[in-house]
Structure formats: structure tokens, C-alpha cells
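Undergrad: Below is one structure. I have some questions about it.
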Amino acid sequence: MPDIAQVVFHALSAQLSLTPEQVSQRAQEDLGALGLDSHGLMRVLLEIEKALGLARSLELDDAALATPQSMLDGVRAVAGST
């Protein structure tokens, strides 16, 4: 399985016009404040699902969608249970 942190930060970076390193450095910042809207969020989740080869859709709760770090933690929890 690919490195989950790389996949999540890469997917976010494409939508936020930041480098994956910048996303990592800003991992505690609110995704909305970073510029991620609902359409961008859907694209991020789809990209993560595809990159990780998940058999089911990512269903993350609102808390997991707050910051890049919370998204990473949520994806790790879901990907580890598939």
C-alpha cells in the first residue's frame, strides 16, 4: 500500500495550490481557511480512494475533515480497517 501521508497531502496539495510539504507544514490549519471547498473535498476524497485502491468509499466524519492532519488520521483509520 502506498504511504498514506504522501497520498493525502498530495491530494490536498493539488486542490489547495500548495506543495505537499506546505500542506504538511500547515497540517493543523482549518481546511476551509486553507481554501478547500466542498467540491474540492470530494475531488480529494476520490483521489485518495483511487490512489489507495480502496474497495469502498471513504466515509469520514466531520471531525476528520477539519484539518490536513485530521484527514490523514481519518484515512489511516479507514484504510487500516479495510
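Undergrad: Test Glu29 against the criterion of being under 12 Å from the mean Cα position of the chain (by Cα) and charged (D, E, K, R), and give yes or no.
TA: For Glu29, the condition - under 12 Å from the mean Cα position of the chain (by Cα) and charged (D, E, K, R) - is not met.
Undergrad: Then there's this: For Ala33, state whether it is surrounded by fewer than 16 Cβ atoms within 10 Å (Cβ to Cβ), hydrophobic (A, V, I, L, M, F, W, C) and within 21 Å of Glu21 (Cβ to Cβ).
TA: yes
Undergrad: Also, I was wondering about something else. Could you list all residues from the stretch 20-66 that are of a type in the set (Ser, Thr, Tyr) and in contact with a Phe, Trp or Tyr (Cβ under 9 Å, 6 or more places away or on another chain)?
TA: Ser24, the sole residue that qualifies.
Undergrad: Further question: Select from the stretch 67-82 the residues that are part of a loop (DSSP other than H, G, I, E, B) and surrounded by fewer than 17 Cβ atoms within 10 Å (Cβ to Cβ) and write down the one among them that is modelled with the highest pLDDT.
TA: Per the stated criteria, the residue is Ser81.
Undergrad: Kindly check whether there is at least one residue in the stretch 13-20 that is on the phi > 0 side of the Ramachandran plot and part of a loop (DSSP other than H, G, I, E, B).
TA: yes
Undergrad: Another question, if that's okay. In the stretch 21-43, which residues are within 17 Å of Ala63 (Cβ to Cβ) and either in contact with a strand residue (DSSP E or B) (Cβ under 6 Å, 6 or more places away or on another chain) or assigned to a helix (DSSP H, G or I) (or both)?
TA: Correct list: Leu31, Gly32, Ala33, Leu34, Ser38, Leu41.
Undergrad: Of the residues that make up the stretch 50-62, is at least one under 10 Å from the mean Cα position of the chain (by Cα) and assigned to a helix (DSSP H, G or I)?
TA: no
The values are calculated or read from the model by the stated rules, or taken from the named source; none is laboratory data. The structure presented is a predicted model; accordingly, all values stated were derived computationally and were not measured. Every residue, glycine as well, gets a Cβ built from its backbone with ideal geometry; the counts of neighbours run over all protein chains shown.
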